[in-house]
Amino acid sequence: MPKFNELVESSAGSKLLLQGNGAFALGVIHAGYHAADGYPGTPSTEVIDKYLSQVQDSIRVGWSVSEAVAVGVGVGHAVAGHDTVVTMKIPGVFQAADVITTAAFYTTEMGALVFYAATDYVPSSTQHVIDARYFFAAARLPVLEPRNHQDMYDMAWIASDLSRQCKTPVVIAASGVLAHSDGLVVLKPRRTVTPRPIPPDLRQLMTMPSIARSNYNKVIQERMPALRTWVEQDPSGLVRETAGSDKWGIILCGESEIIVAEALHLVGVRPSLLSLAVANPLPQVRILEFARKVNGKLFVIEDGDRFLEEKIRALGIPVIGKEEQSIITDWNPELVLEFFARHVPLSYHTNKKTLAMKPVSRPPAICPGCPYRAFALAVSQLKKQQKIYAAFGDIGCSTLLHFLNALDTVLCMGASESMRQGFVMSRPEMAGQVISIIGDSCECHSGLDATRNAVFRNTPGVKIVLDNSVTAMTGGQPAPSSPTNLAGQPHKFLLQRAVEAEGCRTVTLDAYDLKEVEKALKEALELATQGQFSVLILQGLCMQQVDSKKKLRQIEHNYEKCKKCSRCNICPGIEADDSKTPHFTNLCAYCGSRTPVCKQRCPFGAIVPVTESEEKKDKPPVLPKVSDAKAGTLRKEALPAALRVAIRGIGGQGNLFFGKVLAEVALRTPYGAMQIVKGDTHGMAQLGGPVISTFGCGQVFSPVFAPASVDVLVVMELSEILRPGFLDLLKPEGTIIVNNFAALPANTRKEDYPKPADIEKELVGYHVIRLDANRIAYELGDKFGKIANVVVVGLLSTITPFNQIPEDIWLSALMTISPNELVKTQNMQAFQRGRQVI
């Protein structure tokens, strides 16, 4: 697939399949922005991390230490005359609230200032579901809500133009569904924007109370009327009205447009629609005119709270929205249809399958080999011994220590230590029984303030900084604790020195040295009882940043010495069989070539260096080279109106790969001129948790599918087929592909995992095709099972209706996304083996 710097050079009129974040990033470049800043936060991270960082010759871009700092940097860029975007997730909006609300009332002429705030109303990786539109409206900020992937691209133009025209920051509240799904986008001609001159007098930006009042008055009396006129005139197509044949109507806002379109298409109804891509200010005249045209009931569908509904009711329009006690914050097609069916005649009936079995609990987990594991074991042991009462936690990968009984609470980023301090101030006798935990990037973000506060307030206790040198949870972005910044430049910040400078006792440790970690923690707890405050910095590189060669296992079990005590069974890299005999799995990362924690835990010396015979057994065979396949041609008449597939698995199985292959396949067919969508689970769920990926092409609208609309369900992990609502997605004549692979979640007993025979009973009456893709991958020399998904893709290509697409098109697509000759060879062989399953 083309790299982002290549996509930037695409000509106007080109149609590209882009992730929502990628579409917005491309819009930023094509609209002529000069600068971008932000702080990593799912689902907004990729705008900078995956895309804008790749074109630093076209835009000044960087990560700041926090959202508040990033907004301040963005304001500075705008004051310098440069069009600027600042990216963040919704909790980051509130972290930066002071800066945002103050900048909102600047009224001087400057460069455009755009806040890209990605919402997460599920939530998938956010600690709350607050609807920030109320906050933005209170700050008198215009709020744009993209409806689809084309809007995600176009919003970059609209927002920057509006910002300059009305002298206001502009918010783009992008749905996480759009940010992390893909759709087709048509490109505009790229433009160049000349930076505005520096203001002659920066004293206009002073915010003393009298000036603040003057700015507020100006915003209310001048800016807001100008914004209302702009939205009513709608030069950018933010308001779209569609007349329907049914008497009732719907007012939609943002991404709910594609969700409703997916639902209505399924049942064949055509109400009148008023689709809004702007939430503040609302086009009141347009809404009133639309309401007068609708003779029947008028509904409001919006994600989040009832912001839109409340504004429309204030106009005197009797609309029907979510019920008073509704907990719906993110609509899906099924919820939409159930909602409408309660109010209007609708031929919608679902035969939901009631499963006798429940899916296994599968919380996200830290990676195999993670440097946090030794510390988690030490804390868990001290908690069992009642020497630690509680561990106050923070946001990030460290949050996952909760599932290892090593972390109890999470408030927000940077708050773990301040929360501990408040507890100890009220319960001083427990200073040596509680700890706080934070990651290095979070300590740099806002945690250092609490470190300073502990010293300032003379609050004894223990704070642990887990330093893996990156912002790990969001994909490994550079933090001040990293050796270089986003531009690859070295810097002089050292976390250890920064903590020491606060005036506290500071101890730096090797995170993989289990005995030293235990010793240092016990010592710090003892000193806390004597009134001392200690910070322990545990250093160990994030496994995702470690060279893959260092993660090749070099140890094995000596079963003559092994006593089956289970002390080594602490990580997904090891599992025990029915006789409690431990075995290394293909997930073992060898602790990144540091001293393996499992080996340190073994009291019998039963984990030893791998033997020569073991090395030979695991060595993959040399594979022959293959040449790229060439795509064929296919007539539209030979294809069904739409294709849909949904894939269930667990984080780390490569579910995203399916969407990449299927998208490339669809682009080589007539579907490329219609619509292509794909959606994926991102965030914490990727770390060993349940994930779902979807793909659709043709007459499709949304990456979120309705029941009974999917042609094929793919199950990459056996028990994941039991997830609520998954089987309901399948068409009556659809097919289920089941990969015979089971992964036991952390802290789960084998007897609690669903029995395969019982799962088989749940699938009686379905058309099921079973295979062991992981075994086939292993036979092809892939001991990690990375090409198991390619095997399944091969099988999928032989199943109706996907078998109507010729094999050479599948091969051409597969070769396109294979990065080198070795991977092409492995993928080719895996694909062919998959096609031989039936």
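The values are calculated or read from the model by the stated rules, or taken from the named source; none is laboratory data. Bear in mind that the values here come from a model prediction, so they are computed numbers and not experimental data. Glycine gets a Cβ as well: all are built from the backbone with ideal geometry, and neighbour counts include every protein chain shown. Keep in mind that these areas ignore ligands, DNA and RNA; they rest on the heavy atoms of the full protein, side chains included. Shrake-Rupley method; radii C 1.70, N 1.55, O 1.52, S 1.80 Å.
Using Cα centres only, tell me the gap between segment 557-616 and segment 1-71 in whole Å. Between the Cα centres of segment 557-616 and segment 1-71 lies a distance of 43 Å. Shown here for segment 1-66: GluC sites (Glu not before Pro) in loop regions (DSSP other than H, G, I, E, B) with at most 13 other Cβ atoms within 10 Å, namely GLU9. Using the Cβ-Cβ distance between VAL823 and SER210 with R0 = 56 Å, the FRET efficiency computed as 1/(1 + (r/R0)^6) comes to roughly 0.30. Phi angles across segment 417-425 convert, under the Karplus curve 6.51 cos²θ - 1.76 cosθ + 1.60 with θ = phi - 60°, into 3J(HN,Hα) values of 6, 5, 5, 4, 4, x, 4, 5, 4 Hz, Gly and Pro given as x.
Counted over segment 357-398 with a bin width of 10 Å, the fraction of Cα pairs per bin, in whole percents, is 22, 42, 29, 7.
When the Kirkwood radius is taken over all Cα pairs of the chain, what Stokes-Einstein diffusion coefficient follows at 4 °C and 1.567 mPa s, in µm²/s? Walk me through the intermediate numbers first.
Numbers: Rh = 28.8 Å.
Answer, rounded: 45 µm²/s.
LYS786 contributes about 150 Å² of solvent-accessible surface, heavy atoms of the protein only, 1.4 Å probe.
Remark: spin-label model distance LYS561-GLU779 equals 3.6 nm, labels positioned 7 Å along the Cα→Cβ axis.
Spin-label pair GLN56-ILE220: with each label point 7 Å from Cα along the Cα-Cβ axis, the two points sit 4.6 nm from one another. The Cα atoms of segment 522-577 give a gyration tensor whose axes a ≥ b ≥ c have a/c of 1.5 or more with a/b no greater than b/c, which makes the shape oblate. Comparing GLY249, LEU266, TRP230 along the charge dipole axis of segment 216-282, the residue lying farthest to the positive side is TRP230, per the Cβ-charge model. Reducing segment 790-815 and segment 317-368 to their Cα centroids gives an inter-centroid distance of 33 Å.
Sort 802-808, 406-412 by packing, meaning the average of other beta carbons within 10 Å per residue, with the highest value first. Show your work: numbers first, answer last.
Details: 802-808: 16.4, 406-412: 19.3.
Order by mean packing, descending: 406-412, 802-808.
Would you please give the FRET efficiency between LYS492 and MET430, computed as 1/(1 + (r/R0)^6) with r the Cβ-Cβ distance and R0 = 60 Å, to the nearest 0.05? Efficiency for this residue pair is about 0.95.
How would segment 730-838 be classified by its alpha-carbon gyration tensor: rounded, prolate or oblate, with rounded meaning a/c under 1.5 and the a/b versus b/c comparison settling the rest? Oblate shape, in that a/c is at least 1.5 and b/c is the bigger or equal ratio.
For the ranges 145-154, 235-244, 826-835, what's the packing order if you count other beta-carbon atoms within 10 Å of each residue, average per peptide, and put the highest first?
145-154, 826-835, 235-244
For the pair ASP449 and ALA501, the difference between a 0.36 nm per residue extended length and the Cα-Cα distance amounts to 17.5 nm.
How much length would be gained if the chain were fully extended between ARG723 and GLN385, taking 0.36 nm per residue of separation minus their Cα-Cα distance, in nm to one decimal? Before the final figure, lay out the partial values.
Values: separation 338, 0.36 × 338 = 121.68 nm, distance 3.67 nm.
Here the answer is 118.0 nm.
Segment 154-196 to segment 232-263: how many Å between their Cα centroids? Here the two parts' Cα centres lie 20 Å apart.
Of the residues HIS77, HIS180, HIS343, ranked by 1.4 Å probe accessible area with the largest first, the sequence reads HIS343, HIS77, HIS180.
Please work out how much length the chain gains when fully extended from LYS293 to VAL193, using 0.36 nm per residue of separation minus the C-alpha to C-alpha distance, in nm with one decimal. Let's see the in-between values first.
Working: separation 100, 0.36 × 100 = 36.00 nm, distance 4.16 nm.
Extra length from LYS293 to VAL193 when fully extended: 31.8 nm.
Which of the peptides 300-308, 394-402, 317-325 is most tightly packed, and how do the rest follow, judged by the mean count of other Cβ atoms within 10 Å per residue?
394-402, 300-308, 317-325
Here the Karplus curve 6.51 cos²θ - 1.76 cosθ + 1.60, taken at θ = phi - 60°, turns the phi angles of segment 370-375 into couplings of 4, x, 7, 5, 4, 5 Hz, with x standing for Gly and Pro.
With only Lys, Arg, Asp and Glu charged, each at its Cβ (+1 for the first two, -1 for the last two), find how big the charge dipole of the chain is about the Cα centre; round to the nearest 20 debye. Could you put the intermediate results ahead of the total?
Values: 87 positive and 83 negative charges, 106 e Å.
For the chain, the charge dipole is close to 500 debye.
Of all DSSP beta bridges confined to the chain, the antiparallel ones make up roughly 35%.
Taking all protein chains as shown and a probe of 1.4 angstrom, LYS3 keeps an accessible surface of around 140 Å². Normalising the average separation of contacting C-alpha pairs (under 8 angstrom, six or more residues apart) by the number of residues puts the relative contact order of the chain at 10 percent.
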